[in-house]
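Laboratory data are not the source of any read-out in this text; all were calculated from the coordinates shown. The structure displayed is predicted, hence computed values, not measured ones. Heads up, the Cβs are rebuilt from the backbone with ideal geometry, glycines too, and the neighbour counts pull from every protein chain shown.
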Amino acid sequence: MRRNKFLWIWQYYRRHFYVLGVLLIMTPVQAVFQVAIPRMYGFAVDYIQAGQIPDDWLAKLVASSGDVVGLSIMAAFGWAFILLGLVSSILYAYMQTHRAWMNCRLEMEFRQDSFAHTTTKGPDFFNKFRTGDLVTRMTDDVAEKLSWFACSGIFRLYEAILNIAFILVMMIMIDPVLTLWTAGPLPILILIFFFFASSLDKRYDHLQTRISRFNDVIESCFSGIRVVMAYGREKAQKDKFHEAAADRRKAEITTVKTVGVIESLWFYIWQFALVIVLVAGGYMVINKGLSYGNMAVFIYYVVWLVFPMFDIGQFLVKSRQSAVSITRLRELEDMVPMVSDSGMAMGDGNIKGGLSFEKVSFAFPDSDRQVIDDISLNVESGETVAFVGRIGSGKTWLVNMLPRLVDPTGGTITLDGRDICQFSLDDLRRNIGYVPQEPALFSDTVRNNILFGRTEISDEVLDWAVEVSQLKDEVEMFPDGIETSIGTRGMSISGGQKQRLGLARALVGKPKILVLDDCTSALDSRTETALWDRLHEVMPEMTSILITHRPDQLQKADRIFVLDDGHLIESGHHDELIAGKTLYASIYRRYQLEEQVNQ
């Protein structure tokens with residue numbers, strides 16, 4: 001894994017210096033106790049075999065301690081085994097607890113930060129990254145691939161290196177030549193990994209891409225299940241799902257095979273070290289060059305070496321996997337948001353709602369087409385204006401600039417004489433109620449979909465918003481009233497109810513500016529008339545911007561702005577525009593004809 005990947009992880013470790021300190025300090029302490037156990041075992045074997053302890057400093061210490069407490073040498077060995085094993089186990093459990101906590105904590109922080117970065121992005125981001133892909137990056141990449149490695153994987157490597165170092169020191173103290181023969185094959189294991197490193201990178205990246213596509217197929221099918229069923233496309237979706245599942249299975253099998261080859265080579269090469277100990281060590285024992293106890297300790301240490309060596313191998317394999325996941329998460333972070341929250345001015349409650357567009361233009365990054373081109377207009381506070389134009393004329397993108405869902409690529413927009421970029425995003429959006437044509441609803445209750453986390457809003461204001469939105473009678477008929485859950489994306493309610501719920505969500509914040517983007521298209525004529533009559537009662541309190549094709553509402557607007565291909569080509573009151581040979585007149589008459597046909 002490249003250095004910058006470790007720096008990415010380090011930014012999270014800096015938040016948890018206590019846990020980091022515990023793991024850094026206690027790991028070598030635990031390793032010392034653990035490595036001392038086989039040495040004690042060797043002394044006991046030699047004592048049993050020869051009837052005395054070799055002239056060794058540790059043996060003298062044990063014998064001395066045994067005399068102090070008045071126990072036999074063997075009893076001293078027994079107590080030493082128990083004490084070392086108990087201390088080693090307690091320390092290991094203590095470290096494991098901290099590792100587990102850190103794994104869970106890092107998983108939560110990785111996912112939260114990735115989600116937070118995602119919510120600041122603009123439309124270009126969501127055009128590039130599909131929903132299923134984003135879900136995969138925040139679930140599988142984080143939980144299955146990265147969170148374990150980020151703590152346990154790294155500190156198991158740290159523990160493995162310490163154990164290998166301490167074990168080799170102990171082995172050298174017994175016999176340097178036999179240690180050289182035993183440890184000789186072990187570096188080959190590292191070379192095996194580097195030989196397969198590039199192949200692992202490709203397979204892990206391919207696997208994560210297949211998992212993203214698999215999740216995207218599931219998400220798109222379930223979100224559009226009504227359309228799938230209406231057109232009888234169930235079998236086609238099943239075939240598409242089967243293809244995505246087969247691709248994922250194939251990618252997973254290929255990856256597992258590669259990892260399996262590495263682990264098999266790892267295991268068999270380690271066996272050579274054990275064979276060398278048995279052959280060379282046995283020869284030395286026969287020729288009195290090595291004691292039985294030291295031979296037993298050597299075998300013990302060689303067997304123990306396999307665990308840290310496997311940890312090193314697992315680290316090297318998982319590091320490639322985690323590097324791929326980190327790269328995928330950093331792709332989400334590194335894509336520059338279309339809107340930055342650099343404003344410092346805070347709303348003081350005196351916002352009037354006067355708006356001014358001065359030579360405003362907008363184009364997507366890496367695109368030559370101007371979606372909005374050099375538009376200038378003014379909207380007085382408390383005024384109701386309407387934007388009209390053919391499909392694709394730029395109406396929605398123009399109003400999207402008000403809550404700064406996107407920023408102009410040219411010109412400025414001011415609110416009460418101040419550039420809207422001078423306001424903090426939270427403050428600006430708190431004063432704007434925005435109702436899109438298709439409101440986004442969540443799998444929650446009616447109440448929570450309206451309040452949208454704004455706990456400061458009172459029940460009285462909530463009831464008012466529901467009543468103005470002409471939703472009160474229908475909410476009372478729901479099984480649990482306003483506490484009724486509406487299912488995924490509001491599946492259990494009608495299109496008109498969805499739009500009115502979105503309107504209630506906007507109104508409940510008592511905004512200074514209300515933006516309505518064709519938000520009554522799914523309503524029947526009676527409900528729509530009642531809704532607009534009630535809205536016009538409250539609209540004088542706020543600046544209202546409508547995108548609508550309803551003739552009745554266009555007639556009531558104070559002013560109408562007509563857009564065509566991103567340009568402002570006409571403006572004025574309905575009576576002025578309808579009297580001449582204007583684009584508005586032709587659009588208005590077509591709207592009238594459509595209404596007459598639909599009645």
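Restricted to Cα positions, what overall size does the chain have along the principal axes? Three whole-Å values, descending.
Largest to smallest, the principal-axis extents are 118, 49, 49 Å.
Can you compute the equivalent ellipsoid semi-axes for region 476-599, i.e. the square root of 5 times each eigenvalue of the Cα gyration tensor, sorted largest first and rounded to whole Å?
31, 17, 13
Enter the Cα centre distance for the pair region 371-386 and region 426-455, rounded to the nearest angstrom.
Between the Cα centre of region 371-386 and that of region 426-455, the gap is 24 Å.
Which residues in region 1-38 place their backbone N less than 19 Å from a point set 7 Å from the Cα of ARG330 along the Cα-to-Cβ direction?
Counting only backbone N, you get 1-15.
What order, most packed first, do the peptides 355-361, 93-99 have when packing is the mean number of other Cβ atoms within 10 Å of each residue?
Averaged packing, sorted descending, gives the order 355-361, 93-99.
In percent, how large is the relative contact order of region 440-510, given Cα pairs closer than 8 Å and 6 or more residues apart?
After rounding, I find 53 percent.
Could you work out the Rg to Rh ratio of region 202-308, with Rh taken as the Kirkwood radius (inverse of the mean 1/r over all Cα pairs)?
Ratio of gyration radius to Kirkwood radius: 1.46.
Give, to the nearest whole percent, the P(r) tail of region 440-510 beyond 13 angstrom, counting all Cα pairs.
Value for region 440-510: 59 percent of Cα pairs lie more than 13 Å apart.
How many percent of DSSP beta bridges within the chain run antiparallel, rounded to 5?
Counting DSSP beta bridges with both partners in the chain, the antiparallel share is about 50 percent.
Using a 10 Å cut-off on Cβ atoms, rank the peptides 451-462, 377-388, 309-320, 569-580 from the highest mean neighbour count down.
Descending packing order for the listed peptides: 309-320, 377-388, 569-580, 451-462.
Please give the length that would be gained between MET491 and GLU537 if that part of the chain were fully extended, namely 0.36 nm times their separation in residues minus their C-alpha to C-alpha distance (nm, one decimal).
Taking MET491 through GLU537 to full extension adds about 13.5 nm, to one decimal.
Take the residue pairs LYS395/LYS556; LYS395/LYS472; LYS145/LYS250; LYS202/LYS250 and return only those whose Cα atoms are more than 21 Å apart.
Flagged as over cut-off: LYS395/LYS472.
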